[in-house]
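The values are calculated or read from the model by the stated rules, or taken from the named source; none is laboratory data. Keep in mind that this is a model prediction, so the values were computed, not measured. Here the Cβ positions follow ideal geometry from the backbone for every residue, glycine too, while neighbour counts run over all protein chains shown. Calculation scope for accessible area: heavy atoms of the full protein, side chains included, ligands and nucleic acids excluded. Shrake-Rupley method; radii C 1.70, N 1.55, O 1.52, S 1.80 Å.
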Amino acid sequence: MVDNRYATALVIGSVLSLLATVYLSVAVGTQQWFQYSSKHGDKTGNGTSPRERFMADDWEEKNFSDLLLQRNGTLGLWWRCIQLPNPKMETFCVPFTLPQQFRAIPKTPGNGEPEEDLLRTYLWRCQFLLPLVSLALVFLSALVGFCACLCRSFTPTLGVGVLHFLAGLCSLGAVCCFRTSVHLLGPGADGSVGWSFYLALISFPLQIMAGALFLWAARSHRKSYTRIAAYRIA
């Protein structure tokens, strides 16, 4: 028999977890994490069109960030977009490939075999890996919760709460890594964070609150059950 307080905590925690998962999933799939803004004109250089430069195979973070700044584009975890006149302004987006996500970021690009910038390389990798880890932890917690329902046991709910706490920390880590990575590009990265960034940021407290509710319900129910069992034995 489950007390109404514990059942209510589980329901509210499940709703918060679902909202956090939806927000984080939308944030990962959209490109409005950072919006570049510049008052300077476009400088395509070398007679190459912005579209060709944007789709170049010799991908370097500094190169596409300069073009994003010139074209007032947007940056996401898996997408980069610029505004192109064709003949009216249209948004042109290019996805990051998996090899690009894991490519080392050099300290001074364009100088043969430059030294790798370890800090920005791992910040870049963490900013797209951590949200995926967070979603995987929430999915795992859902499986644990489903098993708990089948077994009619509150004990696995402790694991569900812990997994939500870890997922929340991963979401926060992804947001911090992204913001730090953009900041380390230098003063030329003028702009502001977009609504995708805020969706990912909102998912962090929702996951933490869901985890806290699951932990409270599991521990409180366990203590109550222990007291009742001790009373019956006495």
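Taking into account only those residues within region 171-195 that are hydroxyl-bearing (Ser, Thr, Tyr) and modelled with pLDDT under 95, which is surrounded by the most Cβ atoms within 10 Å (Cβ to Cβ)?
Per the stated criteria, the residue is Ser181.
Name the pairs whose Cβ atoms lie under 8 Å apart, with the first residue in region 179-199 and more than 18 Å from Gly73 (Cβ to Cβ), the second at pLDDT 90 or above and in a helix (DSSP H, G or I), and 6 or more positions between them or separate chains?
Listed pairs, sorted by first residue: Thr180/Leu123; Leu184/Leu123; Leu199/Tyr23; Leu199/Leu24; Leu199/Val26; Leu199/Ala27.
Given the criteria open to solvent by 50 Å² or more (accessible area, probe 1.4 Å), more than 26 Å from the chain's Cα centre (by Cα) and either modelled with pLDDT under 85 or among the hydrophobic types (A, V, I, L, M, F, W, C) (or both), does Arg51 qualify?
yes
Pull out all pairs, ordered by first then second residue, where Cβ-Cβ is under 6 Å, the residues are six or more apart or on different chains, the first lies in region 97-116 and is surrounded by 13 or more Cβ atoms within 10 Å (Cβ to Cβ), and the second is among the β-branched types (Val, Ile, Thr) and at pLDDT 65 or above.
Ala104/Thr121; Ile105/Thr121; Pro114/Thr108
Being under 18 Å from Phe146 (Cβ atoms) and of a type in the set (A, V, I, L, M) is the filter here, so list the residues in region 1-11 that pass it.
Selection gives Val2, Ala7, Ala9, Leu10, Val11.
Which ones in region 198-234 are surrounded by fewer than 13 Cβ atoms within 10 Å (Cβ to Cβ) and either at pLDDT 50 or above or among the hydrophobic types (A, V, I, L, M, F, W, C) (or both)? Break it down into steps so the answer makes sense when it comes.
Filtering region 198-234 for residues surrounded by fewer than 13 Cβ atoms within 10 Å (Cβ to Cβ) gives 223, 226-234.
Correct list: Lys223, Ile228, Ala229, Ala230, Ile233, Ala234.
Looking at region 99-122, can you tell me whether even one residue there is under 30 Å from Ser17 (Cα atoms) and among the aliphatic types (A, V, I, L, M)?
So far as region 99-122 goes, no, none of its residues is under 30 Å from Ser17 (Cα atoms) and among the aliphatic types (A, V, I, L, M).
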